[in-house]
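J.: Shown below is the structure under consideration.
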Amino acid sequence: MRILVLGGDGYLGWPTAMYLSAHDHDVAVLDNFSKRGWELELNAEPLIPVNSLRDRVRAWKEVTGHQISSFVGDLCEYDFVRDILREFQPDAIVHFGEQPSAPFSMIDQRRCVSTQVNNITGTLNLLWAMREYAPAAHLVKLGTMGEYGTPNIDIEEGFIEIEYKGRKDLLPYPKQPGSFYHLSKVHDSHNITFACKVWKLRSTDLHQGVVYGVATDETELDERLATSFHYDEVFGTALNRFCVQAIAGVPLTVYGKGGQTRGFLNIRDTLRCVELSILNPPRAGEYRAFNQFTQMFSVRELAETVQHQAQKLGFRAAISHLPNPRLEAEEHYYNPRHQKLLELGLQPRMLSDVLIESMLVTIRDHAERIRQEVILPNVRWDGTSEVAAKAYVSVL
Ligand code: NAD
Ligand code: USQ
């Protein structure tokens, strides 16, 4: 199949592009390197050095013989998006190309607005370009479990059957997102649903949980193929951060009570879920949602698991309960369904001692690059993070 991976320079986009290319698909990546700009702006570089996209594409060809094409440009430029779809004629489009961080969207007015403008405009441009030049293509869109929030009832996969005053309907599951970033995904979901309805496009909205992991089969082929692994407070996610903190000797940063429970998955399962979605497309006009995670943990449990493993390697890995910079429930009911990808054949890789140990060992190999000043949280959900944002900029 011809597959276009948007955001193909990112943490998930680059490994996905390699994985699909290794599985004999004709793959192109698109990116505008905005993430590399945000990293500079916040002085938060990935732990493992990341080569330029051009060098990674070249190394991939050298190592495997497979070609990945690359397009450099902004999804917010409509003419660019339209030209690429007209030229590449994808069968499937995997859309990772958005600003992915909740804390980034909460730093200040500028980052909030730019997150929503970037994410929503890019996706709308894509939908219009698909309508014009690739109406049969399958849009596999990366959304988030965070669209649902943490309601006190079970979470369904996208839709819930409701009986009200004697009548029944299957309706979109209520959304209670927890940041302006998560809200951008809700807006995307609504726009995609509508475009599928009116233009008979087809889309799978992957409501993905928090991803962890530093390596995939393909990144392990050659160090030049490494992906962008973050541990800073803005772009790093919980388990990845805890592993780096354990190695750095920084007490693991559990926010508040740590009872916040989320769905998690290994980065290798992200790739497989995307592949399964592509191989089993929806019909024309169909918008469907899959909840994409394999296990649930509270933040406290995760920290204790990392602590246990790190101590076996001789690291103390204390745990600290910091005042929570976010506004979120710290103890709550959480029971989301996640059957649809399992029904398509997903065989989850569970978080194991061996897996955490291998992450810790990889991180230990790069320990000299860990910068402690980017670890502690400064971004606050109450809108008072401006000082922190200015402090970041003054570092430049
Ligand atoms: P990432 O920032 O590493 O990758 C996103 C890529 O998109 C970056 O390379 C960036 O330069 C590019 N991009 C952003 N805006 C663009 C634009 N307007 N035009 C062209 N390229 C643009 O993020 P990631 O962690 O790989 O996440 C990928 C996607 O998956 C995001 O949409 C994110 O919201 C979603 N997601 C991530 C996780 C996770 O834990 N990492 C979990 C759930 C969902
Ligand atoms: N948390 C801590 N300590 C930390 C970091 C996080 O306690 O050092 C807590 C947060 O308060 C939150 C939970 O861990 O309750 C998850 O936070 P996170 O930073 O790991 O993940 P989140 O901000 O939710 O965002 C990440 C990705 C995003 C994706 C989302 C999936 O960055 O792209 O959409 O996970 S989900 O969480 O299911 O919405």
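J.: Return the residues of segment 285-329 that are open to solvent by less than 30 Å² (accessible area, probe 1.4 Å), within 16 Å of ligand 1 (Cβ to nearest atom) and of a type in the set (A, V, I, L, M); say none if nothing qualifies.
T.: Ala289, Val299, Leu302
J.: If I ask for residues that are under 18 Å from the mean Cα position of the chain (by Cα) and either part of a strand (DSSP E or B) or of a type in the set (Phe, Trp, Tyr) (or both), which ones from segment 144-163 would you list?
T.: If the condition is that a residue be under 18 Å from the mean Cα position of the chain (by Cα) and either part of a strand (DSSP E or B) or of a type in the set (Phe, Trp, Tyr) (or both), then Thr144, Tyr148 are the ones that fit.
J.: Restricting attention to segment 55-65, does a residue exist that is over 27 Å from Arg364 (Cβ atoms), at pLDDT 95 or above and not in a helix (DSSP H, G or I)?
T.: Yes, segment 55-65 contains a residue that is over 27 Å from Arg364 (Cβ atoms), at pLDDT 95 or above and not in a helix (DSSP H, G or I).
J.: In contact with a strand residue (DSSP E or B) (Cβ under 7 Å, 6 or more places away or on another chain), open to solvent by less than 10 Å² (accessible area, probe 1.4 Å), among the small types (Gly, Ala, Ser) and more than 15 Å from Pro336 (Cα to Cα): is that true of Ala137 in this structure?
T.: yes
J.: In this structure, is Lys197 open to solvent by 50 Å² or more (accessible area, probe 1.4 Å), more than 11 Å from ligand 1 (Cβ to nearest atom) and in a helix (DSSP H, G or I)?
T.: It is true that Lys197 is open to solvent by 50 Å² or more (accessible area, probe 1.4 Å), more than 11 Å from ligand 1 (Cβ to nearest atom) and in a helix (DSSP H, G or I).
J.: In this structure, is Arg268 closer than 30 Å to Thr219 by Cβ and touching a residue at least 40 places away in the same chain (Cβ under 8 Å)?
T.: yes
J.: Could you check, for segment 111-120, whether at least one of its residues is closer than 18 Å to Gly178 by Cβ and within 13 Å of ligand 2 (Cβ to nearest atom)?
T.: So far as segment 111-120 goes, yes, one or more of its residues are closer than 18 Å to Gly178 by Cβ and within 13 Å of ligand 2 (Cβ to nearest atom).
J.: Arg380 versus (1) more than 18 Å from Val210 (Cβ to Cβ); (2) in a loop (DSSP other than H, G, I, E, B); (3) within 15 Å of ligand 2 (Cβ to nearest atom); (4) open to solvent by less than 60 Å² (accessible area, probe 1.4 Å): which is the lone unmet condition?
T.: (4)
J.: In segment 330-343, what residues are out of contact with any Lys or Arg (no Cβ under 9 Å at 6 or more places or on another chain) and either small (Gly, Ala, Ser) or surrounded by fewer than 16 Cβ atoms within 10 Å (Cβ to Cβ) (or both)?
T.: If the condition is that a residue be out of contact with any Lys or Arg (no Cβ under 9 Å at 6 or more places or on another chain) and either small (Gly, Ala, Ser) or surrounded by fewer than 16 Cβ atoms within 10 Å (Cβ to Cβ) (or both), then His332, Tyr333, Asn335, Arg337, Gln339, Leu342, Glu343 are the ones that fit.
J.: Would you please name the residue that is nearest to ligand 1 (Cβ to nearest atom), looking only at residues in segment 255-278 that are β-branched (Val, Ile, Thr) and crowded, with 24+ Cβ neighbours inside 10 Å?
T.: Within segment 255-278, the match that is nearest to ligand 1 (Cβ to nearest atom) is Thr270.
J.: Oh, and also: For residues that are among the small types (Gly, Ala, Ser) and within 15 Å of ligand 2 (Cβ to nearest atom), scanning just segment 4-48, find the one that is surrounded by the fewest Cβ atoms within 10 Å (Cβ to Cβ).
T.: Ser34
J.: Let me ask something else. If you take just the strands (runs of 3 or more DSSP E) that sit entirely in segment 225-332, which of them hold at least 2 residues that are over 19 Å from the mean Cα position of the chain (by Cα)?
T.: Hits in segment 225-332: 252-255, 319-322.
J.: Show the residue pairs that are 6+ apart or on different chains and have beta-carbon atoms under 9 Å apart, the first residue being within segment 285-309 and on the phi > 0 side of the Ramachandran plot, the second being basic (Lys, Arg).
T.: Gly285/Lys197; Gly285/Lys200; Gly285/Arg202
J.: Among the residues of segment 99-117, write down those that are open to solvent by less than 20 Å² (accessible area, probe 1.4 Å), within 14 Å of ligand 1 (Cβ to nearest atom) and not in a helix (DSSP H, G or I).
T.: The answer is Gln99, Ser101.
The values are calculated or read from the model by the stated rules, or taken from the named source; none is laboratory data. Note that the structure is a prediction, hence the values are computed from the model and not measured. With ideal geometry, Cβ positions are generated from the backbone for all residues, glycine too; neighbour counts draw on all protein chains shown. Please note that ligands, DNA and RNA were not included when accessible areas were found on the heavy atoms of the full protein model with its side chains. Shrake-Rupley method; radii C 1.70, N 1.55, O 1.52, S 1.80 Å.
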